[in-house]
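Computed from the coordinates by the stated procedures, all read-outs in this text should not be read as laboratory data. All figures in this text were calculated on a predicted structure; none of them were measured in a lab. Quick reminder, even Gly has a Cβ in these numbers, built from the backbone with ideal geometry, and neighbours come from all protein chains shown.
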Amino acid sequence: MTRGASLEFDRVSKTYGAVTALQPTSMTVRPGEFFALLGPSGSGKSTLLGTIAGFVAPSGGCVLVDGADITAMPPHRRNIGMVFQNYALFPYLTVAQNIAFPLKMRRLPKSEIAARVDRALEMVRLGGFGPRMPAQLSGGQQQRVALARAAVYDPPLLLMDEPLGALDKNLREEMQEELRQFHRNVGATILYVTHDQQEAASMADRIAIMNHGKAEQVGAPHEVYERPGNSFVARFLGEANMFRLRRGWPDGPGRLRCETEESLNLLACGATSAALACVRPEDIVIGPAPTGRENCFAGRVTDLVQVAGSVRYRVAVAPGCTLIVRASAERRAVVLAKDDAVHVGWDAADMRFLSE
Amino acid sequence: MTADGLTRGLARGGSAMLLTLFTAFLLAPIIVVVLMSFTNQLYLTFPPTGFATRWYKAAWNETAWFDASWNSIQIGAATAVLSMILGTLSALAVTRGGTRWTRWVASLVIAPMMLPHIIIAIGLYPTMLDLKLSGTYIAVILGHTVVAMPLVFTTVSAALRGYDPALEFAARTLGADGWQAFRHVTLPMIGGGLAVGGIFAFAVSFDELMLALFLAGPRTETLPRLLWEHLQQTITPVIAAVATLVLLFTLVLMGAVLQLRRPEAEPAS
Ligand SMILES: Nc1ncnc2c1ncn2[C@@H]1O[C@H](COP(=O)(O)OP(=O)(O)OP(=O)(O)O)[C@@H](O)[C@H]1O
Ligand SMILES: [Mg+2]
């Protein structure tokens, strides 16, 4: 098992003329961690990955692997593995020759190359596929060849740029499980780029949320989900009911009472108010009778959709204020319909303050 | 008539016209030359009378044709190699290099394809005189490379655009230095286009007359130049015989290009 490398970005930035692809970014990835870069298209994820692999020369700052500055090192000396979105398999080489490529570049003896290639093929469950050409494989199989090729020389750091982006949903989920298993087996540090928050949350130890070339927030999946630092993070990681606040004042120990733009009165936990407050749809309870929660409103169901295992309601509680409520299957005992008068409620502890 | 029907009608009319032009201007002269080469007369006649291979024997017995052919093959091969190197380098610079100068470089490289050869010849002639290269192989090869390189540039550029540059990035992360990435990835990927470009370059050089007239000398007599000189002096059917052989050779080159262009012709190891 390989010992994973640590990775540090120290104010790394990149501009293309007038375009800022990456604002000065500093963060640390721990040895052996599965770290996801999550963000919408154009947020600078690939650019950040490129500075590690060596295709993108940073405009400023430096990249450190295990404490050593690699910013100026040519790509082929970095000993980093990378899996590309479209796999980048060499089409004129067989599967075995593809996997042997990095070992040939390292001038390993023929017998050892053959042994290692066989082991790598076994690892990705493609034993016997060595003589095939890449074009004769399915997307998932090509993906596994790309993984075997990037891992066959035991790099302590593996970069993956949307490696499952080209696969359909079922295969994606299967490969996610396989990649997690792979990570447990090899022990290398993995930096994983994706724009799918579900994928990031289910696979990564920690996530960095990228937006406009900047890391907005870094933390464990449940941390960033439950305590988003700003409205972008809150919205990007699933649905959020967002309230714009006018003012707030203390109401008991550790409690704040706030007034929203729609003149709703809300009770939240915290010491100081911020510009926004949010509550997740699944933290709201819904029913025909008053809910007895600290925040309680009467409203009317304007829309409902059945989703796997739960129902998603839209409830109008005030002019210009419609809440999204997700009720799980067990709470569905009371059947609600469109235009029903309902009560919704949630506790102060489920409210989060956010900056813009 | 629907728009679709109209296009189809136009396409059919276009095909018919193309076929007529092809027959009139390409096929007819070829047939005439081939038929004339088998005449038993002492001068070029059409339609030919009789059938004889005497003019092929005559050509065979005259060493000047062999010398000129050999010169043309050598010059063609050297032109092809030089064009392949320079054409590939400029194609790499334009497709993989920065963005600011690439449009300029591309136009500059392609320009000789559009320029009349006579202009290039007039431009190169005094330069070669100054460099004391006039009449040497080097002069002809350089001149031919100017007009042949754009072909390699075009075919190799197309090949480079035809695949994901991530392949080269991948090779680099896997431990290949710049040269190894070129040798193990770029070269196999552009191989077909490069070979086709090389054959085109050879063919251009092999039947180029204008530059050869200006830049070649008695010792570097090329085949088109010798044909030209014969045409001006003695119009014997030898010319037709040699022209027919040149045509045969060109057909072989065209066959090779078609073979390389086949999609299945992927290099497999
Ligand atoms: N070579 C380049 N020249 C100019 N601008 C570039 C270049 N490469 C990237 N950019 C810009 O930098 C920004 C970040 O790009 P990047 O590829 O890092 O985004 P990303 O997060 O990987 O997006 P995606 O999810 O679409 O892959 C984008 O606005 C992009 O247009
Ligand atoms: Mg990207």
Just for segment A:9-165, what percent of DSSP beta bridges are antiparallel, to the closest 5?
-> 75 percent
The protein assembly as shown: antiparallel DSSP beta bridges as a percent of all, rounded to 5 = 75 percent
Using alpha carbon centers only, segment B:60-103 is separated from segment A:289-309 by a whole-angstrom value of 77 Å
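Please give the charge dipole size of segment A:202-333, origin at the Cα centre, charges +1 on K and R Cβ atoms and -1 on D and E Cβ atoms. Round to the nearest 20 debye.
Numbers: 17 positive and 14 negative charges, 36 e Å.
My answer is approximately 180 debye.
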Name the most mobile residue of A:A337, A:A188, A:A148, meaning the one with the largest mean-square fluctuation, in a Gaussian network model of chain A with Cα contacts below 10 Å.
-> A:A337
Can you list residues whose amide H is under 5 Å from A:V56's amide H, if they're 5+ apart or on another chain and H is modeled 1.01 Å from N?
-> A:T51
Can you list residues whose amide H is under 5 Å from A:G287's amide H, if they're 5+ apart or on another chain and H is modeled 1.01 Å from N?
-> A:H343
Counting other chain Cβ atoms within 10 Å of each Cβ in A:99-111 and taking the mean gives 3
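What number, rounded to the nearest 500 deg cm²/dmol, is the helix-based mean residue ellipticity at 222 nm of chain B, given -39500 (n - 2.57) per DSSP H run of at least four residues and division by all its residues? Walk me through the numbers before you get to the answer.
Details: 13 runs with 196 residues, N = 269.
-24000 deg cm²/dmol, from helical runs alone.
Counting only pairs 8 or more places apart or on different chains, how many lysine pairs in the protein assembly as shown have C-alpha atoms closer than 23 Å? Please report the intermediate quantities before stating the final value.
Values: A:K14/A:K45; A:K14/A:K214; A:K45/A:K169; A:K45/A:K214.
Taking the Cα cut-off of 23 Å, the pair count is 4.
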Quote the relative contact order of segment A:239-354 in percent (integer), defining contacts as alpha-carbon pairs under 8 Å separated by 6+ residues.
-> 31 percent
Could you work out which residue, out of A:M27, A:M105, A:M203, moves most in a Gaussian network model of chain A, that is, has the largest mean-square fluctuation with Cα springs under 10 Å?
-> A:M105
In order through segment A:127-140: 3J(HN,Hα) via Karplus (6.51 cos²θ - 1.76 cosθ + 1.60), integer Hz, x for Gly, Pro = x, x, 8, x, x, 6, 8, x, 5, 8, 10, 6, x, x
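Would you kindly calculate the mean projected area, averaged across all directions, of the convex hull enclosing the Cα atoms of segment B:1-158, in square nanometres?
Averaged projected area of segment B:1-158's Cα convex hull equals 16.3 nm².
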Just rank B:S37, A:S13, A:S6, fewest to most, by other beta-carbon atoms within 10 angstrom.
-> A:S6, A:S13, B:S37
Between A:E122 and B:V105, the two model label points (7 Å from Cα along the beta-carbon direction) sit apart by a distance in nm of 4.8 nm
Using alpha-carbon coordinates alone, the radius of gyration and Dmax of chain A in Å work out to 24.7, 76
Checking B:F153, B:F182, B:F202 against a Gaussian network model of chain B (alpha-carbon springs below 10 Å), the top fluctuating residue turns out to be B:F182
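Inside 10 Å of the C-beta atoms of B:162-171, what's the mean count of C-beta atoms belonging to other chains?
Details: counts 0, 2, 6, 2, 8, 7, 2, 8, 15, 7.
So the per-residue partner count for this stretch is 6.
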Run the numbers on segment A:7-235 and let me know its relative contact order in percent, using alpha-carbon pairs under 8 Å that are six or more apart.
-> 28 percent
Got a sec to turn the phi values of segment B:102-113 into Karplus ³J(HN,Hα) couplings, 6.51 cos²θ - 1.76 cosθ + 1.60 with θ = phi - 60°, whole Hz, x for Gly and Pro?
-> 4, 4, 5, 4, 4, 5, 5, 5, 6, 3, x, 5
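Which order do A:W249, B:W228, B:W65 fall in if you start with the one that has the fewest other Cβ atoms within 10 Å? Please list the in-between numbers first.
Working: A:W249 10, B:W228 15, B:W65 20.
Ordered from fewest to most neighbouring Cβ atoms within 10 Å, A:W249, B:W228, B:W65 come out as A:W249, B:W228, B:W65.
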Amide H contacts under 5 Å for B:T39, placed H, 5+ residues apart | B:A52
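Provide the three semi-axes, in whole Å and in decreasing order, of the ellipsoid equivalent to segment B:127-248 as defined by the square roots of 5 times the Cα gyration tensor eigenvalues. All intermediate terms of the calculation are to be shown ahead of the outcome.
Values: eigenvalues 324, 66, 18 Å².
Calculated on Cα positions only, the semi-axes equal 40, 18, 10 Å.
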Tabulate in residue order the Karplus-calculated ³J(HN,Hα) for segment A:81-95, using 6.51 cos²θ - 1.76 cosθ + 1.60 with θ = phi - 60°, rounded to whole Hz; enter x for Gly and Pro.
-> x, 9, 10, 8, 4, 9, 6, 6, 6, 6, x, 9, 10, 6, 4
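Pairs of Cα atoms under 8 Å, at least six residues apart: use those to get the relative contact order of segment B:1-121, whole percent.
On the way: 47 pairs, mean separation 11.7, N = 121.
Contact order relative to length: 10 percent.
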What ranking do A:K169, A:K214, A:K45, A:K338 get, fewest neighbouring Cβ atoms within 10 angstrom at the top?
-> A:K169, A:K338, A:K214, A:K45
